[in-house]
Each structure stands twice: as C-alpha cells, then as structure tokens.
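Enquirer: To start, I am sharing the structure in question, which I have written as structure tokens.
The values are calculated or read from the model by the stated rules, or taken from the named source; none is laboratory data. Everything numeric in this text was worked out from a predicted model, so none of it was measured. Cβ atoms come from the backbone with ideal geometry, glycine included; neighbour counts cover every protein chain shown. Heavy atoms of the whole protein, side chains included, go into the accessibility calculation; ligands, DNA and RNA do not. Shrake-Rupley method; radii C 1.70, N 1.55, O 1.52, S 1.80 Å.
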Amino acid sequence: MLLRRVIEHVKKQEWTAVFLDFLIVVVGVFIGIQVSNWNAARADRAAEAQYLDRLHEELELTAERLDVDLGWQVENAQRLRFVIESLRRCELAEKDRDEFALGLFVAGKLNLPMLVDTTLEELKSSGRMNIIQDKQLRSGLIDLQRRFQVSASHIDAVGTWAVEPVNQINKRVVYLNLDENSSTRNNVGWSDIEFDFDAACEEPAFIAGLSAVWNYTLENVRRDRSLSEETNKLVSRIEEIQ
C-alpha cells in the first residue's frame with residue numbers, strides 16, 4: 001500500500017509527499033533494526049548473567065578443592081621434614097613413630113590440581129567468550145586455565161623425575177595391613193610398616209632422596225597456593241560485576 005502511494009505521488013510530482021514517504025520507510029527500518037538489536041542485547045545480557053552464575057559456582061568449587069588439597073600437601077611437607085630431621089639426628093621417640101611412618105608413606109604423593117571449567121570450555125567451543133563483557137575476567141579465565149594445564153604438565157614431568165628417589169624410599173619400607181582407605185590421607189602408623197631406622201640413618205642416599213621429594217612437594221605447594229589465589233581473585237571479580 002505504501003508503494004502504491006509513493007507511485008501516485010511520483011506521478012503527480014508531489015515531491016514533498018515522496019520525501020515523507022521515503023522518510024517513513026527509513027525511520028521504520030531503523031526502528032526495526034534498533035528493536036532487534038535491543039532484543040538481542042537483552043538476550044545476551046540474560047545469557048551473560050547465567051554464564052557468570054555458572055562460572056562463579058565452578059570457580060568456587062575449584063577453590064574449595066584446591067584448599068583441601070593444599071592443606072593436605074602442606075601437612076605432607078611438614079611430615080617429610082620431620083622424617084628427614086629425625087634421620088639426620090638418628091633419633092626417634094616412641095611417641096613420634098606414627099608420625100614418622102605416615103611421613104614415609106606420603107612421600108611422593110601429589111594431587112593433580114583440577115580446574116572445573118565446563119562453562120569456560122562451552123564458551124570457548126561455541127565462540128561466545130565475548131558475551132562476557134568484562135575484559136579482565138575474560139583474560140583471567142583463559143590465563144587460569146592455561147596455568148592449570150601448565151601445572152598438570154609440570155607434575156607429570158616431576159613425577160617422572162621423582163621415580164628414582166621414591167623407589168629408594170619404597171625399597172627400605174615394607175607396608176603392612178594397608179587397604180584402599182590407607183592410600184589417601186593419614187591412616188598409616190608405625191605398626192603398619194617394617195623399617196630399619198638405624199640402618200636408614202647411615203644411608204646418605206636415602207636421606208638425599210627424601211630431601212629431593214620434600215623439595216618438589218614444597219614447590220607443588222607454592223604452585224597450588226598461587227593457583228588458589230588466582231582462582232579466588234576471579235571469584236571476587238565475578239561478584240563485583242554481577
């Protein structure tokens with residue numbers, strides 16, 4: 001109908017009316033585009049809010065797991081130090097034997113830090129990372145994922161290197177009465193092992209192997225503490241922009 005009216009105005013050379021008709025068309029198209037853009041932007045912001053909620057939840061879960069594992073590894077490092085000091089002094093009180101045995105048992109045991117990144121992977125694979133408007137958060141998420149991957153690769157490399165010193169430890173220790181519940185935390189005592197303490201005191205290579213394991217345990221603690229700090233920073237950043 002509008003086209004017919006424009007044709008009629010052109011035939012009659014009513015140029016003002018033609019201009020007005022043209023203006024109506026342009027304004028109508030412009031408004032339509034703006035409404036479409038506004039609806040798309042509103043949908044993006046709603047989607048962003050959902051993604052932020054999911055990222056916040058996953059990062060909090062990651063931080064909680066890191067804190068648990070970090071606490072366990074700090075305890076392991078302290079136990080290993082006690083084992084090394086006891087062997088260097090060649091003294092072990094009866095009341096400390098359980099702690100000593102546990103220190104031997106945890107030597108070389110490391111947990112792989114895991115980033116819960118289901119939502120981040122979804123954003124990357126779908127090409128929707130830019131739906132997260134905050135550039136600092138976007139770059140922080142990508143960097144955190146990279147750091148977790150580097151950490152995992154490093155632990156694999158260290159694990160390969162640590163095979164020899166851990167084998168030195170295992171050659172001197174016979175574990176008794178262990179089950180599947182003994183492999184994770186602190187269920188091993190002096191009665192669960194056979195170990196010649198006096199002979200180990202006279203074995204510098206054995207003590208050196210323990211020291212090497214202690215050093216890479218400390219390095220892992222430092223790395224996981226840094227990952228924990230960065231994870232918590234991103235949690236706080238999401239809370240700031242929500």
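Enquirer: May I ask you to rank Ile132, Ile207 by accessible area, largest first, using a 1.4 Å probe over the protein chains only? All intermediate terms of the calculation are to be shown ahead of the outcome.
Expert: Numbers: Ile132 0, Ile207 25 Å².
The most accessible residue leads, giving Ile207, Ile132.
Enquirer: Let me ask you something else. Which whole-Hz couplings ³J(HN,Hα) result when phi for each residue of region 69-84 is put into the Karplus expression 6.51 cos²θ - 1.76 cosθ + 1.60, θ = phi - 60°, listed in order with x for Gly and Pro?
Expert: Karplus-based 3J(HN,Hα) across region 69-84 equals 5, 5, x, 5, 6, 4, 4, 4, 4, 5, 5, 5, 4, 4, 4, 4 Hz.
Enquirer: Excluding Ser236 itself, calculate the net charge of residues whose Cβ lies under 12 Å from the Cβ of Ser236, where each Lys or Arg counts +1 and each Asp or Glu counts -1.
Expert: On the way: positive: Lys233, Arg237; negative: Glu60, Glu229, Glu230, Glu239, Glu240.
Overall, the nearby charge balance is -3.
Enquirer: Continuing with the same structure: Can you give the local net charge around Arg225? Use residues other than it whose beta-carbon is closer than 12 angstrom to its beta-carbon, Lys and Arg +1, Asp and Glu -1.
Expert: Working: positive: Arg222, Arg223; negative: Asp67, Asp69, Glu219, Asp224, Glu229, Glu230.
Here the count lands on -4.
Enquirer: Once you put a point 7 Å from the Cα of Asn167 and another 7 Å from the Cα of Ala49, both along the Cβ direction, what distance in nm separates them?
Expert: Those two pseudo-labels are separated by 6.0 nm.
Enquirer: Leaving out ligands, DNA and RNA but keeping every protein chain, what accessible area does Glu64 have, in Å² rounded to the nearest 10, with a 1.4 Å probe?
Expert: Looks like 110 Å² after rounding.
Enquirer: With a sphere of radius 15 Å drawn around the Cβ of Glu203, what net charge do the other residues whose Cβ falls strictly inside it have (Lys, Arg +1; Asp, Glu -1)?
Expert: Working: positive: Arg88, Arg89, Lys171, Arg172; negative: Glu164, Asp196, Asp198, Glu202.
Cβ neighbours under 15 Å give a net charge of 0.
Enquirer: When the Karplus curve 6.51 cos²θ - 1.76 cosθ + 1.60 is applied with θ = phi - 60°, which whole-Hz ³J(HN,Hα) does each residue of region 207-212 get, with x for Gly and Pro?
Expert: With the stated coefficients, region 207-212 comes to 5, 5, x, 4, 5, 5 Hz.
Enquirer: Could you pull the accessible area for Arg97 with a 1.4 Å probe, rounded to 10 Å²?
Expert: Per-residue accessible area (Arg97): approximately 90 Å².
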